[in-house]
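Inspection log for the structure reproduced underneath, given as structure tokens.
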Amino acid sequence: MTGRTWWKEAVIYQIYPRSFMDSNGDGIGDLQGIISRLDYLKYLGIDVIWLSPVYQSPNDDNGYDISDYRAIMEEFGTMENFDALLKGAHERDIRIVMDLVVNHTSDGHRWFVESRKSKDNPYRDYYIWREGKDAQTPPNNWGSCFGGSAWQYDGETGMYYLHLFSRKQPDLNWDNPKVREEIFDMMRWWCDKGIDGFRMDVISMISKTAEMPDGEGDGLYGDFGPYCVHGPNVHKYLREMNESVLSRYDIMTVGETSGVTTELAKQYAGENARELNMVFQFEHVESDGKYGKWTDEKISLVTLKKIMSRWQTELYGQAWNSLFWDNHDQPRAVSRFGDDRPAFREISAKMLATCLHMMQGTPYIYQGEELGMTNYPFGSPDEFRDIESINAYREWCTEGKLSHEVFWPCLVFKSRDNARTPMQWDDSENAGFTAGKPWIAVNPNYKEINARAETADPDSVFHYYKKLIALRKQNPVMVYGKYELLLPESDALFVYTRTLESTSLLVVCSFCDHETDFTVPDAFFGAPCLISNTNRSYEGKEIRLGAYEAFVLRKEV
Ligand code: GLC
Ligand code: CA
């Protein structure tokens, strides 16, 4: 085990501001709304808020397309509101980590407005411009993450610009030192304000190869991955960032690094790498696709355990894990990895929480996860607000080769909008999220699943999370203990141990909707139960677990 730090011991709570709390009845969550819920977060016990983007943005991708890094989105409020939020959080000993979206800007950003004007504009080289193969054909066949070509033709200068996401999200040219200096300067500006860290959006994509050949692919478009993801200078640029910004403040950093392996993670976030503190890996949420990322099937438990355990083992002592089941880009945890049928929703949500929070790494809770909020019962394509879901339906069904019957269940299961329906605060109209008309529909199950009901019920999912968070503070073994997987081949149980000095935990989680027998290993026989999602005792040696049952034994030698 290497150095102890506050961000290893912390529990982080992600807020997607648009859907968290609306204070002024326009149907859109805002900063004042977040301020009004800080006491709720304090009561839950979290240490850090990761705030999805609140910067000025035309909202083509809900704030992930930024037009001014030093201004607040008008719909969310003002810089005074932001300062009040930061102050209010700090008064409660809660830190705030900002989303940092610097792989691309909005096409409305001043830099891009200038850049597209002429080939000799001083900002031209802030973005990635190329000649087409000919007047009608883009420079190469790369497809963007949100569908269509990754290149957009711009009539002004007759050239194409690169956008790995929507065409309103042009990629910045990190090879230009001026771009890096502008970004570092902006980051220092936020740090000087007193923020506590950055979650770095698609940071593994900032460095592109100079040559940009066609990518492989069997469809219309080719894969940009080999040329843009973990590109040639990404580590150089992150070390530069670390040296000129990150190392100068007491902040935490987490990089979003889709496609990262454990080897690469050690480069990005190794204990001595001088780049980032940790990365988000996506193997457990990205290895299940049938049609691209789309699927209606759950990942098998054996595969899930293999992935999670590899990360636990290979990073041990060398780099730090971030732990998550869901976020604003993923379906709801309980619907995806647990079981959201009424009989199993609460118990499986608690089981998932146990399984994740007992692992080594910093746990992330996505807003509403602590209530066991579920996927949304989408009925028709016009209910989607997310650019990715809307484009996917068009590409795979309307214009593509999949029938509605085949694709629809996959889209409904995986759509990012599942996570983006409003936070369910109480059982009043619109779940107490807004006094107006919400920008995206509220899940109809809010009458049963909401914060008011759950904070009042000591047996709720909410109180279970609260207990797990509190236990973390009292049990360093939860944070620093060494992980070992037991029963790797079981397709019903996820069982592992954690060990730190003389303390050991045995974590037993059932991932199935029927009973399963388990024999407590001799070493743990008779050890007291630290937490469980039932009210029974665990004194016996042979234990018959009910559906989604989870318990943790704690032993001192
Ligand atoms: C990241 C964000 C996602 C966004 C994309 C483009 O993956 O998490 O929400 O759409 O980057 O910025
Ligand atoms: Ca509002």
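Before moving on, here are some points about what is shown:
- Residues satisfying the stated conditions in segment 352-398, i.e. small (Gly, Ala, Ser) and surrounded by fewer than 24 Cβ atoms within 10 Å (Cβ to Cβ): Gly361, Gly379, Ser380, Ser389
- Matching helices (runs of 4 or more DSSP H) fully within segment 314-421 where at least 1 residues are more than 18 Å from Phe20 (Cβ to Cβ): 333-336, 345-357, 387-393, 404-414
- Screening Cys397 against (1) at negative phi; (2) within 24 Å of the chain's Cα centre (by Cα) leaves a single unmet condition, (2).
- Yes/no for Glu240 being away from ligand 2 (no atom under 16 Å from the Cβ), surrounded by 14 or more Cβ atoms within 10 Å (Cβ to Cβ), among the acidic types (Asp, Glu) and more than 16 Å from Trp7 (Cβ to Cβ): yes
- Residue in segment 325-334 that is among the small types (Gly, Ala, Ser), touching a residue at least 40 places away in the same chain (Cβ under 8 Å) and not assigned by TED's automatic domain parsing to the domain that holds Thr497 present: no
- Among the residues examined, Glu448 does not qualify as modelled with pLDDT under 95, more than 16 Å from ligand 1 (Cβ to nearest atom) and over 30 Å from Phe280 (Cα atoms).
- Of all residues in segment 446-466, exactly one satisfies the criterion of being crowded, with 19+ Cβ neighbours inside 10 Å and farther than 24 Å from His357 by Cβ, namely Tyr446.
- Flag if Lys133 is at pLDDT 95 or above, away from ligand 1 (no atom under 16 Å from the Cβ) and more than 25 Å from the chain's Cα centre (by Cα): no
- Residue among Pro177, Pro138 that alone is free of Cβ contacts under 8 Å to residues at least 24 places away in the same chain and more than 21 Å from Gly215 (Cα to Cα): Pro177
Yes/no matrix, rows are residues, columns are (1) at pLDDT 95 or above; (2) surrounded by fewer than 24 Cβ atoms within 10 Å (Cβ to Cβ); (3) under 30 Å from His404 (Cα atoms):
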{"residue": "Ala269", "(1), (2), (3)": "yes, no, no"}
{"residue": "Leu276", "(1), (2), (3)": "yes, no, no"}
{"residue": "His284", "(1), (2), (3)": "yes, yes, yes"}
{"residue": "Leu315", "(1), (2), (3)": "yes, yes, no"}
{"residue": "Asn321", "(1), (2), (3)": "yes, no, no"}
{"residue": "Asp340", "(1), (2), (3)": "yes, yes, yes"}
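- Selection from segment 152-194 of residues that are hydroxyl-bearing (Ser, Thr, Tyr) and either buried (at least 20 other Cβ atoms within 10 Å of the Cβ) or in a helix (DSSP H, G or I) (or both): Tyr160, Tyr161, Ser166
- Here Val11 meets the list (1) surrounded by 16 or more Cβ atoms within 10 Å (Cβ to Cβ); (2) within 15 Å of ligand 2 (Cβ to nearest atom) almost entirely, failing just condition (2).
- Condition check for Gly546: free of Cβ contacts under 8 Å to residues at least 24 places away in the same chain, over 24 Å from Gly317 (Cβ atoms) and out of contact with any Cys (no Cβ under 6 Å at 6 or more places or on another chain): no
- Residue count for segment 56-103, restricted to those that are of a type outside the set (A, V, I, L, M) and within 16 Å of ligand 2 (Cβ to nearest atom): 13.
The values are calculated or read from the model by the stated rules, or taken from the named source; none is laboratory data. Here the structure is a predicted model, which is why all the values come from computation and not from measurement. Methodologically, a virtual Cβ is constructed for each residue, glycine included, from the backbone with ideal geometry; neighbour enumeration extends over all protein chains shown.
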